[in-house]
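The values are calculated or read from the model by the stated rules, or taken from the named source; none is laboratory data. What you are looking at is a predicted structure, and each value in this text was computed from that prediction instead of being measured. So basically every Cβ, Gly included, is an ideal-geometry build from the backbone, and we count neighbours across all protein chains shown. The accessibility values were calculated without ligands, DNA or RNA, using every heavy atom of the protein model including side chains. Shrake-Rupley method; radii C 1.70, N 1.55, O 1.52, S 1.80 Å.
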Amino acid sequence: MSGLFDDLDGLDLDAHARRWSAPEVLRTDGAVSEWIGAAQMFAAVIQQDPARLTGAQWRAVAEAWPALLAAAERATGAQRNEWLLRDLWLRVSLLKELTEAGAVPDVPLLDPGPVLDRALDAMPMTPDTAAALASRWRELDRARMLSLRRVRGLLGPARAVAPLLPDHPRRGEFEEWDRIADTLP
C-alpha cells in the first residue's frame, strides 16, 4: 500500500481505522520506526477522548488496532515484545480512563482478562527462576538481565488490570509473579 505511513498526524480516528483495517496492510513492509510511528499516532487518536467513541467507532478500532500490530510484527518481528506491550498498555490506559468516566463499553478490546492472560503467556521464565535470578541480577549476562527486564515490563500491565479481575482463573499464577515484582531489576 503506497503512502501507508504518510500524513499519520493528519488522520482522524475513522481514517486511521480505515487505513489499518485495509487488507493490504498485512502485506506491507516498513521499517520499525515507521510502524512505531503508526502505532503511536493511532493510539494517540484513540486516547484523545475514548468516552465519546460510538459503538461503530469502537468496533472499527477493535478491528484496526490489532491489524496494525499484526502487520507491524509480520513486517519487523516481535521487537522484544514491542507490539504486545503497546497493545497491553493501550488497553490498560483505555480501561483506566473509561472506568474513571463511569462506563466501559462492551467491546473485546476493553476486556481486562486478555491483558492478564497475554502478559502471563509471554513471560520468558517461571516465577521461581525469575526470583532466583533477580537476587543476583548484577552478575548475569546481558541476555538474562534483559529477560528479567522483560518480566518486569510484562508485569506492569498485568498489575494494572489485576484489581479488575479478583476471580480470574489465573489469579494464583499472577500472584506468584506479583510477589517477586519489586525484586526485579
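Among residues of region 4-30 that are modelled with pLDDT of 95 or more, those with a Cβ under 8 angstrom from a residue that is exposed (fewer than 13 other Cβ atoms within 10 Å of the Cβ) and among the polar types (S, T, N, Q), sequence gap 6+ or separate chain, pair up as L13/Q48.
Residue pairs whose Cβ atoms lie under 6 Å apart, sitting 6 or more positions apart in sequence or on different chains, and linking a residue in region 45-58 that is free of Cβ contacts under 8 Å to residues at least 40 places away in the same chain to a partner that is not aromatic (F, W, Y), are V45/L13; V45/H16. With respect to (1) at pLDDT below 95; (2) crowded, with 17+ Cβ neighbours inside 10 Å; (3) not basic (K, R), the lone exception for A64 is condition (1). Cβ separations smaller than 7 Å between residues 6+ apart or across chains give the following pairs from region 87-98 residues that are over 12 Å from D111 (Cβ atoms) to residues that are open to solvent by 10 Å² or more (accessible area, probe 1.4 Å) and among the polar types (S, T, N, Q): S93/Q47. Check whether at least one residue in region 135-154 is closer than 17 Å to P114 by Cβ and surrounded by fewer than 17 Cβ atoms within 10 Å (Cβ to Cβ), and report yes or no. Scanning region 135-154, I find no residue that is closer than 17 Å to P114 by Cβ and surrounded by fewer than 17 Cβ atoms within 10 Å (Cβ to Cβ), so the answer is no. Step by step: first the residues of region 6-40, then only those that are over 29 Å from G55 (Cβ atoms) and hydrophobic (A, V, I, L, M, F, W, C), then the one that is nearest to the chain's Cα centre (by Cα). Which residue is that? Only one residue tops the list, namely I36.
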